[in-house]
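Step one of this worksheet: look at the structure below.
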Amino acid sequence: EAQVTQNPRYLITVTGKKLTVTCSQNMNHEYMSWYRQDPGLGLRQIYYSMNVEVTDKGDVPEGYKVSRKEKRNFPLILESPSPNQTSLYFCASKPVGADTQYFGPGTRLTVL
Amino acid sequence: GENVEQHPSTLSVQEGDSAVIKCTYSDSASNYFPWYKQELGKGPQLIIDIRSNVGEKKDQRIAVTLNKTAKHFSLHITETQPEDSAVYFCAATKDFFGNEKLTFGTGTRLTIIP
């Protein structure tokens, strides 16, 4: 089944404890992206990648890192999480030449 | 950078009536304008999009219009049904296929009243 998977789906952590949210897609898509969703603010793009080893900042990249060592994986790294990074995170992927982004199921992160 | 404003934030319409959601954008270099629908507990799904070389696009009960001069675009849903209840997001980006930075509006919660 074609899909975007995220792990974990739910995470509660404490300030300063490094964490990684994984994102994997099995559709051979070149483009992958991370978003955060907050009430009243909608979706905001954190980072995106057009292919392996190519990443670019979205609108809210501060406090996050990403890597794209393989085409299928695009992990989101929070080196020192803070409470203002408590949010619902979505990963998405698509072919570079197509419109439709396929979103993962979301990861709800709480930073205490 | 790009700024996208979306109105209204909530909208309730009677089943069978039409719903209109409006977005304005700030960067005149934007060329691609997708609309996403997000149902409760799920990720967003693309429902329709429009590019800067087109003024209007229709797909069954859904249509999108674009006014490049005024820098605004709108989503029109006709003959609304209960399954149209969801949160809708507009977005804008420079790249024609959405491969660059994508800026979203803040969302509209649409409720269809049976």
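The set of residues in segment B:79-97 being out of contact with any Asp or Glu (no Cβ under 6 Å at 6 or more places or on another chain), assigned to a loop (DSSP other than H, G, I, E, B) and within 14 Å of another protein chain (Cβ to nearest Cβ) consists of B:D95, B:F96, B:F97. In this structure, is B:A29 closer than 27 Å to A:P105 by Cβ and either open to solvent by 40 Å² or more (accessible area, probe 1.4 Å) or out of contact with any Pro (no Cβ under 8 Å at 6 or more places or on another chain) (or both)? No, not satisfied.
Could you tell me whether any residue of segment B:6-18 is away from chain A (no Cβ under 13 Å) and crowded, with 19+ Cβ neighbours inside 10 Å? No - not one qualifying residue is present in segment B:6-18.
For (1) more than 21 Å from A:Y48 (Cβ to Cβ); (2) in contact (Cβ under 8 Å) with a residue 12 or more places away in the chain, each residue gets a yes or a no:
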site	(1), (2)
B:S52	no, yes
B:I62	yes, yes
B:T69	yes, no
B:H72	yes, yes
B:Q81	yes, yes
B:S85	yes, yes
B:C90	no, yes
B:T93	no, yes
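Residues in segment B:40-71 that are among the β-branched types (V, I, T) and closer than 24 Å to B:D27 by Cβ: B:I47, B:I48, B:I50, B:V54, B:V64, B:T65, B:T69. With respect to the stated conditions, A:Q101 is within 17 Å of B:L102 (Cβ to Cβ) and at pLDDT below 95.
Right, A:G42: crowded, with 18+ Cβ neighbours inside 10 Å, on the phi > 0 side of the Ramachandran plot, in contact with a strand residue (DSSP E or B) (Cβ under 7 Å, 6 or more places away or on another chain) and within 11 Å of chain B (Cβ to nearest Cβ) or not?
Yes: the conditions hold for A:G42.
In the condition set (1) modelled with pLDDT under 95; (2) surrounded by fewer than 17 Cβ atoms within 10 Å (Cβ to Cβ); (3) more than 9 Å from chain A (Cβ to nearest Cβ), B:K71 is compliant with all but (1).
If you go through segment A:73-112 and keep only what is of a type outside the set (A, V, I, L, M, F, W, C), open to solvent by 30 Å² or more (accessible area, probe 1.4 Å) and within 14 Å of chain B (Cβ to nearest Cβ), you end up with A:P95, A:G97, A:D99, A:T100, A:Y102, A:P105, A:R108. The set of residues from segment A:4-36 being open to solvent by 60 Å² or more (accessible area, probe 1.4 Å) and either within 14 Å of another protein chain (Cβ to nearest Cβ) or touching a Phe, Trp or Tyr at 6+ places or on another chain (Cβ under 9 Å) (or both) comprises A:R9, A:Y10, A:T22.
The values are calculated or read from the model by the stated rules, or taken from the named source; none is laboratory data. All values derive from a computational prediction rather than experimental measurement. All Cβ positions, even for glycine, are placed from backbone atoms using ideal geometry, and neighbour counts span all protein chains on display. We work out accessible area using only protein heavy atoms, side chains counted, and drop any ligands, DNA or RNA first. Shrake-Rupley method; radii C 1.70, N 1.55, O 1.52, S 1.80 Å.
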